[in-house]
Amino acid sequence: MSTNHHAASRETTEGTVYTVTGGDWDEVVRSAAKADDERIVVNMGPQHPSTHGVLRLILEIDGETVTEARCGIGYLHTGIEKNLEFRNWTQGTTFVTRMDYLTPFFNETAYCLGVEKLLGITDQVPDRATVVRVLLMELNRLSSHLVCIATGGMELGATTIMIYGFRDRELILDIFELITGLRMNHAFIRPGGLAQDLPPGAVDQLRDFLKTMKKNLPEYDKLATGNPIFKARMQDVGYLDLTGCMALGATGPILRSAGLPHDLRKADPYCGYETYEFDVPTTETCDSYGRFLIRLEEMRQSLRIIEQCLDRLEPGPVMVADKKIAWPAQLALGPDGLGNSLDHIKNIMGTSMEALIHHFKLVTEGFRVPAGQAYAAVESPKGELGVHVVSDGGTRPYRVHFRDPSFTNLQAMAAMCEGGQVADVIVAVASIDPVMGGVDR
Amino acid sequence: MSDTTPGTTPGDDGAVPAPRESAGPEVIGVRKGMFGARGGGDTSGYGGLVRTVALPGPSHRPYGSYFDEVADELEGALEEQGLLPSNAIEKTVVDRGELTFHIAREHLVRVASTLRDDPALRFELCTGVSGVHYPGDRGRELHAVYHLRSITHGRTVRLEVCAPDADPHVPSLVSVYPTNDWHEREAYDFFGLVFDGHPALTRIMMPDDWQGFPQRKDYPLGGIPVEYKGAQIPAPDQRRSYS
């Protein structure tokens, strides 16, 4: 390289340094590329603010170009699937709700649908319970998409979107808290129905929320959809076409951004989704921007579904009638928090010995599930969330496996990022919307 | 599980999966006693209870729903390739509205690519592999369970293959469904199922130098007793389990 008259080079501890003194710029670039000094391997994460939790990215970069990208996962592995095998079937919801912690109701519903299939009580789950499940899932879809858009925006430096997203998510978490008592990790959906009915005032608050949300959602359009900077960062970034999606098993907004309107709510309906009116948005762009648009549109569709749920809510039970499965106590708010209702305690401790035995048996031992296996899948905000549940006829799950969409979709990271710019890796990963709690379980 | 487990063939040298008992439910173990009490003076008589644990056995035609069509098409397509369906498909189970083909492991890749490519089948999407460990299913302890989804026809089907503990090899499906890359690594990590032909079968969740396969049934959960409201609560795997 020292033969290059226009760009003399000398070796330093920092690598080759070129001194350009006019002449052919192309030649300089060529020799710099030949030197291959710019090829470095960057370890990004697992503790990094823009990797969505404890995701570790190993990037081999040549200048600004990513030549190879790999994921390191497992930093948030908590052994939930193993732990489930040591708790009874009802306690399972307490664990699965913590998997993808941004979509707790989807985890719970998928798990409960699987258990109910094994029990053969799918048809006996009361209508009200199913409607409330749909209602909670759609609210949850909103909150999950809001986090995706908010954190995705933040990683681009668009902090206003982040503030907006978390502002609106807070409204949803308030509703979750009102209904379940908790903002996250609800364990509210149980095999056979729900832990308890909607509290008074929930429907009113939901109607208010719908009004607010209809006002707030267009703000994202105004702020981001037509924003030239936003579009420049998102368009054609994280490209994955239909062939790639199918091969890599990518589902959810990633698959729909490639133009295939595959949504389990339409394709393989559960919880009565076939009776709701909503559209499945798609784009043909195969990129991050398309996924953003799809998420935005899905939020509007979720609002439609929530509205229909509210119109459908009829008074009635929220747990199967079978007393061998239904949790015996109705919960009530006491001075020390939520617990068994005093009426129920009075009944089992004072009047009915059989009720006491029944309560004790069901709470300590749990119910038995006939041996066999079942697969239940729901359309989570990230894609197909599948649960493989195996029972050996005992009071505990024999094996529960979650096919978490984040886990599968994250495999597409390499295909989306290789050959692109380093800065685009952040955008591509954000458009996958992986939640490490779900990836690692 | 006791040695007298009925309906199972003790693994001799364990080199190949034991042949499946024809007809009848698949016995995976025996459950004894009741209430989980052991070693105490049993005055109830329940301690003498012995029950076999069995998964649903093979089904007979008609299977119902779209299952007959899928089974016909699959068997026909395999025959066209010169493969006797009864050699590849060990048994077909229809249970709880789901169709399961138990596949001989050496034919797994052929069956999967047939399911994917045949226009009448078109199971384009594989939702990964789930390992299950049945220590009581002698000679067929490790099961790999695949769920396939056909977006074209709106159908799902389950494939199940098994391998003995002594020879935990199952062919990899990455060549047919690349999405199974991480899923197979996960099943290897947790169950020690070796997927032959996988491009890079390494641990994915556990640290690289981890010993053992945590989700096997003989792998302890671990944990320590904790104090709650003045009482010692034993670790989860030390608590009473109800048989």
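Pick from A:A232, A:A224: which is without any contact (Cβ under 8 Å) to a residue 60 or more places away in the chain, farther than 22 Å from A:D311 by Cα and in a helix (DSSP H, G or I)?
After ruling out the rest, the residue left standing is A:A232.
Quick one: in the range B:134-147, which of the residues that are surrounded by 22 or more Cβ atoms within 10 Å (Cβ to Cβ) and either part of a strand (DSSP E or B) or within 10 Å of chain A (Cβ to nearest Cβ) (or both) is nearest to the chain's Cα centre (by Cα)?
Checking each candidate, the answer is B:H143.
Is it the case, given these coordinates, that A:Y101 is hydroxyl-bearing (S, T, Y), surrounded by fewer than 19 Cβ atoms within 10 Å (Cβ to Cβ) and under 19 Å from A:E379 (Cβ atoms)?
Here the answer is yes, as A:Y101 does meet what is asked.
Just to confirm my filter: which helices (runs of 4 or more DSSP H) fall fully inside the range A:343-441 and include at least 2 residues that are touching a residue at least 60 places away in the same chain (Cβ under 8 Å) and among the polar types (S, T, N, Q)?
Working: elements: A:353-360, A:405-410, A:413-417, A:422-432, A:436-440.
Qualifying helices (runs of 4 or more DSSP H): A:405-410.
With the checklist (1) over 20 Å from the mean Cα position of the chain (by Cα); (2) assigned to a loop (DSSP other than H, G, I, E, B) in hand, flag the one item A:M99 doesn't pass.
The single condition A:M99 does not satisfy is (1).
Which of (1) of a type outside the set (A, V, I, L, M, F, W, C); (2) touching a Cys at 6+ places or on another chain (Cβ under 7 Å); (3) on the phi > 0 side of the Ramachandran plot is the odd one out, the single condition A:G259 does not satisfy?
For A:G259, the failing item is (2).
Are there any pairs, at least 6 apart or on different chains, whose C-beta atoms fall under 6 Å, with the first in the range A:110-136 and closer than 14 Å to A:A376 by Cα and in contact (Cβ under 8 Å) with a residue 12 or more places away in the chain and the second assigned to a helix (DSSP H, G or I) and among the aliphatic types (A, V, I, L, M), and if so, which?
Within 6 Å, the pairs are A:Y111/A:V96.
What about A:A224, is it farther than 24 Å from A:P328 by Cα and among the small types (G, A, S)?
On the way: farther than 24 Å from A:P328 by Cα: yes; among the small types (G, A, S): yes.
For A:A224, the condition - farther than 24 Å from A:P328 by Cα and among the small types (G, A, S) - is met.
Quick check on my filter: what residues within the range B:150-181 are surrounded by fewer than 23 Cβ atoms within 10 Å (Cβ to Cβ) and over 18 Å from B:R116 (Cβ atoms)?
Once the filter is applied, which keeps residues that are surrounded by fewer than 23 Cβ atoms within 10 Å (Cβ to Cβ) and over 18 Å from B:R116 (Cβ atoms), the range B:150-181 yields B:P164, B:D165, B:A166, B:D167, B:P168, B:H169.
Say whether the condition of being in a helix (DSSP H, G or I), in contact with a helix residue (DSSP H, G or I) (Cβ under 6 Å, 6 or more places away or on another chain) and not acidic (D, E) is met by at least one residue in the range A:270-278.
Yes, the range A:270-278 has at least one match.
Out of everything in the range A:64-77 that is at the interface with chain B (Cβ under 10 Å from one of its Cβ atoms) and either surrounded by 19 or more Cβ atoms within 10 Å (Cβ to Cβ) or out of contact with any strand residue (DSSP E or B) (no Cβ under 9 Å at 6 or more places or on another chain) (or both), what residue ends up being nearest to A:A414 (Cα to Cα)?
This residue is A:C71.
Regarding the range A:49-56, can at least one residue be identified that is part of a strand (DSSP E or B), farther than 30 Å from A:V132 by Cα and either at pLDDT below 80 or aromatic (F, W, Y) (or both)? Walk me through how you get there before you give the answer.
First, pick out the residues of the range A:49-56 that are part of a strand (DSSP E or B): A:56.
Narrowing the set further to residues that are farther than 30 Å from A:V132 by Cα leaves A:56.
Those still in the list that are either at pLDDT below 80 or aromatic (F, W, Y) (or both) too: none.
For the range A:49-56, residues part of a strand (DSSP E or B), farther than 30 Å from A:V132 by Cα and either at pLDDT below 80 or aromatic (F, W, Y) (or both): absent.
Are any residues in the range B:199-243 of a type in the set (F, W, Y), over 24 Å from A:I73 (Cβ atoms) and open to solvent by 80 Å² or more (accessible area, probe 1.4 Å), and if so, which ones?
Across the range B:199-243, the qualifying residue is only B:Y228.
Within the range A:291-328, which residues are among the hydrophobic types (A, V, I, L, M, F, W, C) and assigned to a loop (DSSP other than H, G, I, E, B)?
A:L313, A:V318, A:V320, A:A321, A:I325, A:A326, A:W327
Got a sec? Which of A:A371, A:A376 is under 28 Å from B:I28 (Cα atoms), buried (at least 20 other Cβ atoms within 10 Å of the Cβ) and touching a His at 6+ places or on another chain (Cβ under 9 Å)? Before the answer, list the steps.
Values: A:A371 fails: touching a His at 6+ places or on another chain (Cβ under 9 Å).
Every option except A:A376 fails the conditions.
Quickly run through the range B:104-133 and pick out the residues that are within 14 Å of another protein chain (Cβ to nearest Cβ) and of a type in the set (G, A, S).
Selection gives B:A112, B:S113, B:G128, B:S130, B:G131.
The values are calculated or read from the model by the stated rules, or taken from the named source; none is laboratory data. Since the structure is predicted, the reported quantities are computational estimates derived from the model, not experimental observations. Positions of Cβ are backbone-derived with ideal geometry, glycine not excepted, and every protein chain shown enters the neighbour counts. With ligands, DNA and RNA removed, areas are computed over all heavy atoms of the protein, side chains included. Shrake-Rupley method; radii C 1.70, N 1.55, O 1.52, S 1.80 Å.
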